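Beneath this line is the structure, given in structure tokens, with notes to follow.
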Amino acid sequence: MSNSAIELSAVTKTFAGLTAVDKLDLQIPRGALYGFIGPNGAGKTTTIRMIMSILLPDAGNLRVLGLPSALEAKDRIGYLPEERGLYRKMKVAPYLMFIAKLKGVSERGLKERVYAAIERIGLKGVENKRCEELSKGMSQKIQILAAIIHEPALLILDEPFSGLDPVSTRLLKDLILAEHRRGATVLFSTHVMPQAEEICDHVVMIHRGHKVLDDPVRTILRPHDSRALTFEPLDGQIDLGALHALPEVERCIAVNGHYEIGLRDGVSASAAMRSVLGVVPAARIELKRRSLEDVFVSIAGPDRGSAGGANGKAVAA
Amino acid sequence: MSKVWQIAVREFVATVFTKGFLIGLLIVPLIGVVLVTIGPRLFGDRNRTVEGEIAVIDPTGVVLPQVRSVISARRSPVAVTELIERARAGDASDMVLNALGAATRLTLVERPAGADVEQEKLWLNEPMPAAPHLALIVVHANAVEPTLGSSNLGSYDLYVPPRLDNRVEIAVQGVMREAIIDARTDVRDLNRTELSLIMSVPRVRSTTVGADGERNTVFGLNIVIPAAFMGLLIMGVMFAGQGMLTTTVEEKSNRVIEVLLSAVSPMQLMGGKLLGHMGISLLAMSLYLGFGLVALTTFSLFGLLDVKLILYLMIFYLIAFFTIGSLMMAIGSAANEMREAQQLMMPLMLAMMLPWMLWWPMVQNPNSTLAVAVSFVPPINSFGMLLRLASAEPPPAWQVWLSIGIGVAGAFAALWVAAKVFRVGILMFGKAPDMKTLVAWVRAA
């Protein structure tokens, strides 16, 4: 049995002369939790649809759960599409039972399983409501439930966090982690970088149809910037003038409740830390760490117009 | 197969157990009942009165008094009864019978025999007359007696104003016919009443003698049964086709389609929908057919029905269903909303209207070139052939088998095209495709 849940080899898809995915290679090991990121139109949804055999690639090879096509493994895959919906006139429990049966779940004990799952996501009592009566958030939860009701070996979620409030986001995050703990391989695409950073073991970034990043999260975030400090004052108030007056400091800007201090060329970071602490007492001072968002912007930002020319990590700084 | 079955069951349950289905099921027989029972009362304008003036120029001098007499007699119920009797005896045309539906209150304006016709025509368009000027009648000089050297009899010229109701003209012609005949019989010293009696042969009702006994012949059954079978077939196919089109468009616009495609292949989805909606329309057809058979049995007419027709109905239903139903589902998959689907449906709807437009000439002459041609051209061949099979002159067996063969080939071709369009169209959102795009999808898929 292959150790990979998903294997893509030089997969290409073109729509009316526009190459949406170009010679994409990707291997996702079984049991992994992968984030799939990239700007709008990068080719994420097309890739996911090809993995699901909803679209067929023009070229390249693809294996899902060790099989040559997801068609042969659909019952073991859970999928939440980006464009998702429900049968508006159908009641919630019959809808979930219908989807579960399509996924090969036996009718025996199915009703109990569906009711328990609904209770698990905090929607007890909606079983006999029509789907059209649900709020948007409730609908999203039911759609997510439909993707995992059959306890899939591979869970693919396309933008699962879009449109969710913070409580629902937390719930979904817990569901994804629970599925991962159960042993499912999880691949989800997202635009919400902090969530990808928080949840994923590994991140793949695609840009203009090319893979531009394919690394564990800890590796991506490990490099520190030795020319910048993150500084959080002890009492929340600081004298910016005093900081600017320090010879080591080039600039100081406030960012989300803390400050980022840029250092002049040739300045030692440790010497600069000592100087800063001499002027302002700190709750926290450290070398600035890269966030996934920084990586994303550095690759796909407007000043990287021609990024993604190669199928590799050349652009991923 | 179990996934196809799951899809089919959902489609069936989601459609059949709804108020909409029940209403849809009942609406057709309800319309039929309304048309048969209330329709004639609604459409027949029995209270209509033909009222106004007619001017008559009579060079013979013998027709005018008869016109006067007929007009006054027409106002009498006894005279109307007599007219009806004479009409039944074949002494009057359908036009007269139609005219009897409208009461006549005509006033005669007598003009001199030598009046200037051109001048009199101006009378028809006089502005704001006290009573409507309905017609100017110029009786021919030889209307009652032939002119010397000829055996032919003339009639009259009729001039009417613009926008005259047809019923008025029919009533006026009825009056003139009666008046001229009365004048002719008077001149020849014949007894009109006796002549009418002599010419009166009541229409008889035939008795059908069959192997199972004798019964009164049901006039028009040879027309009603083919029309009923063809109507049942069209209803069944449209019922299913419309359902598949609507649910496919809904699934696409609800964005539930991709969830389904994560569990089943496009072909399984299409197969399940076809199966489900075939079940729905078979249920509806069975109910209608059952009602029809109960009605025939109630009126002791079951023996008039060739039971083989039910078998042919099923065969041609399957052919028409897979041909038209699959194309309608393909259209549903290509459209983003119902409005777009209706535009794409136009060519198919025009094709579906053909059997309705051609059923009358085909049922009157089931072996005409038109009828034979229609029964070999997909997608309407099923309707044409079933109509012919149910008619008084069924087609030869080779034509039936050829039509079935062509129909099956057409159904496979339609399924092939539909599957290709469905596979691509189902995930296409945005601009509605045109025919050119659909052809490109068929080539690309």
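Between the amide H of A:CYS252 and those of A:GLY262, distances stay under 5 Å, these residues lying 5 or more places away or on another chain, with hydrogens modeled in the peptide plane. Each peptide in B:232-239, B:118-125 was scored by the mean count of other Cβ atoms within 10 Å over its residues; highest first, the order is B:232-239, B:118-125.
Relative contact order of chain B: 17 percent, from C-alpha pairs under 8 Å at least 6 residues apart in sequence.
Averaged over peptide A:80-88, the number of partner chain Cβ atoms lying within 10 Å of each residue's Cβ comes to 6. Here the Karplus curve 6.51 cos²θ - 1.76 cosθ + 1.60, taken at θ = phi - 60°, turns the phi angles of segment A:104-118 into couplings of x, 6, 5, 5, 5, x, 5, 4, 5, 4, 5, 5, 5, 5, 5 Hz, with x standing for Gly and Pro. For B:GLU51, nonlocal amide neighbours, meaning residues 5 or more places apart or on other chains whose placed amide H falls under 5 Å from its own, are B:ARG105.
Here the spin labels are modelled as points 7 Å beyond Cα on the Cα-Cβ line, and at B:GLN342 and A:GLU286 they lie 6.3 nm apart. Here the Karplus relation 6.51 cos²θ - 1.76 cosθ + 1.60, evaluated at θ = phi - 60°, turns the backbone of segment A:278-292 into coupling constants of x, 9, 10, x, 10, 7, 7, 9, 7, 5, 5, 9, 6, 9, 4 Hz, with x for every Gly and Pro.
Across peptide A:98-104, the average count of Cβ atoms from other chains found within 10 Å of a residue's Cβ is 6.
Taking a ≥ b ≥ c as the square roots of the eigenvalues of the alpha-carbon gyration tensor, segment B:127-271 is classed oblate because a/c is 1.5 or more while a/b is no larger than b/c. Averaged over peptide B:241-252, the number of partner chain Cβ atoms lying within 10 Å of each residue's Cβ comes to 1. Normalised by the number of residues in chain A, the mean separation of alpha-carbon contacts (under 8 Å, six or more apart) gives a relative contact order of 19 percent. In order along segment B:275-286, the phi-based Karplus estimate (6.51 cos²θ - 1.76 cosθ + 1.60, θ = phi - 60°) of 3J(HN,Hα) comes to 5, x, 6, 5, x, 5, 6, 5, 4, 4, 5, 4 Hz; Gly and Pro are listed as x.
If each Cα of segment B:262-413 is one equal point scatterer, what is log10 of I(q)/I(0) from the Debye formula at q = 0.17 Å⁻¹? The Cα Debye sum returns log10 ratios of -1.09. Computed per residue of chain B from DSSP H runs no shorter than four, each worth -39500 (n - 2.57), the mean residue ellipticity at 222 nm is -20000 deg cm²/dmol. For the protein assembly as shown, the spread of Cα coordinates along the three principal axes comes to 144, 68, 49 Å, biggest extent given first. Once the Cα-Cα distance is subtracted from the 0.36 nm per residue extended length, the B:ALA440 to B:VAL33 segment shows a gain of 141.8 nm. Report the percentage of all Cα-Cα pairs in chain A whose separation exceeds 27 Å, rounded to a whole percent. Cα-Cα pairs of chain A separated by over 27 Å account for 53 percent.
When only Cα pairs below 8 angstrom with a gap of at least 6 residues are kept, segment B:218-444 shows a relative contact order of 31 percent.
Read-outs: derived from the displayed coordinates by stated rules, not from any lab. Computed from a predicted model, the values in this text were never measured in an experiment. Virtual Cβ from ideal backbone geometry, glycine too; neighbours counted across all protein chains shown.
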